[in-house]
Amino acid sequence: MDKIKKALEACEKVVDGIEDGTITTESALLQCSKIARLTNDEENLIWLQYEYGGYPRNTEGKIISDAWNIAYKKGRGYQENGKLYIFTELASELEEKIIAQQKAVGNFTTNGASVSGDLALLAMDRLTTNVHRSTITMVSDVAVAQKRLASLKAEYYEYALKKQIELTFGNVATNVFMRYRERVDIAFSELSKETLLKLQAIEGKLESGNPEMYSQALTTCRRLFESTAVELFIKYFPNYTNKTYKTKSGVEIDVSGDHYKNKLSAVIEKLEDKSPKKTIVGSNVIYLLDWIDNLIDLQCKGVHSDITKEDAERCILQTYMCLGDVLTLQ
């Protein structure tokens, strides 16, 4: 069983267990720690370790600042007299405290007590009053502990539920993409060797760790569209000699020279005419190409900072999807 499946099983135990009341809060916490570990969620793993082992303190015995902020944000914060505080009891301690005090409340009674003498009535009255006050205090303490435990339980539930949704959607997206990739890879294999080499060149640029190479990755994606546009235009308009092409909407577009966007638009329109389904492939492609051009232009003018790896990854993924859509229209 892979890590994702194990993490999903742990998510299910927490979500179902809390909803059904069949899991202790401490057990839910341990399952959440397992989820964080299996999904490499380092940030939340630190929080969950604090939840299980206690929040670290400095030499003065105070919770360190970073840990205090985590605790406050994760259901432990409260206000009193205009000041901010956190409670530090662990989930296991709160559970034990609730059980112990509930038993104590049940056993704390005047039944069986006897007094005698001239002050018997007064003594009994004081005993009854003390028992009553102590009972009220314990009931209040139980209520506070239950409220705090419920707050922690809500945090663990929310974490597991979000992870469950995230992992489930990720699995669906992965399966969909794998099926899509099977179709697209076949279409890519029919491109010329020169175009395929441009595809191969992108990988090295992405793994370089150099911002300049990320910029080159975007340029390579654009050139990939250029070579694909020329290749497909020659294929579907083999004897076309006019400088312009008239679209279905009546607009004349220049398909001469290096006007690769227009060439690609003409090809897409022709392929869509043959397709029984309506698509928005053309709009997606033009949007992506405009985005690439705009990002590169801004960087050249000094308006935009270095292109990031995230920019390059987004560009590569979108290029793969858009080119795949075009090629699978054939």
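What follows draws every value from the coordinates through simple rules; no lab data is involved. All values reported here derive from a predicted model rather than from experimental measurement. Note: ideal-geometry Cβ built from the backbone for every residue, glycine included; neighbour counts use all protein chains shown.
In whole angstrom, note down how far apart the Cα centers of segment 310-330 and segment 59-93 are.
Their Cα centres are 48 Å away from one another.
Just rank VAL144, VAL184, VAL255, fewest to most, by other beta-carbon atoms within 10 angstrom.
Placing the least packed residue first, the sequence is VAL144, VAL184, VAL255.
Please report, in debye to the nearest 20, how large the charge dipole of segment 191-328 is about its Cα centre when each Lys and Arg carries +1 at its beta carbon and each Asp and Glu carries -1 there.
Dipole magnitude for segment 191-328 comes out near 580 debye.
Of TYR214, ILE253, SER283, which is farthest towards the positive pole of segment 191-328's charge dipole, taken about the Cα centre with +1 and -1 on the beta-carbons of Lys, Arg and Asp, Glu respectively?
The residue sitting most towards the positive pole is ILE253.
Need the full-extension length gain, THR174 to ILE4, defined as separation in residues times 0.36 nm minus the C-alpha distance. One decimal, nm.
Extending this stretch completely gives an extra 60.0 nm.
For the pair ASP20/SER189, report the inter-label distance in nm, with labels modelled 7 Å from Cα in the Cβ direction.
If labels sit at ASP20 and SER189, their model points lie 4.7 nm apart.
Segment 135-200 to segment 217-245: how many Å between their Cα centroids?
Taking the Cα centre of each part, segment 135-200 and segment 217-245 sit 39 Å apart.
Return SER283, SER27 ranked ascending by Cβ neighbour count within 10 Å, so the fewest neighbours appear first.
Placing the least packed residue first, the sequence is SER283, SER27.
Would you mind pulling out the separation of the Cα centroids of segment 33-52 and segment 1-28, in Å?
14 Å
Using Cβ counts within 10 Å as a stand-in for footprinting exposure, how do ASP325, ASP293, ASP273 rank, fewest first?
Listing ASP325, ASP293, ASP273 from fewest to most nearby Cβ atoms yields ASP273, ASP293, ASP325.
Which loop-located GluC sites (Glu not before Pro) does segment 193-279 contain, where loop means any DSSP state but H, G, I, E or B and the Cβ has at most 14 other Cβ atoms within 10 Å?
Within segment 193-279, the qualifying GluC sites (Glu not before Pro) (loop, at most 14 other Cβ atoms within 10 Å) are GLU207.
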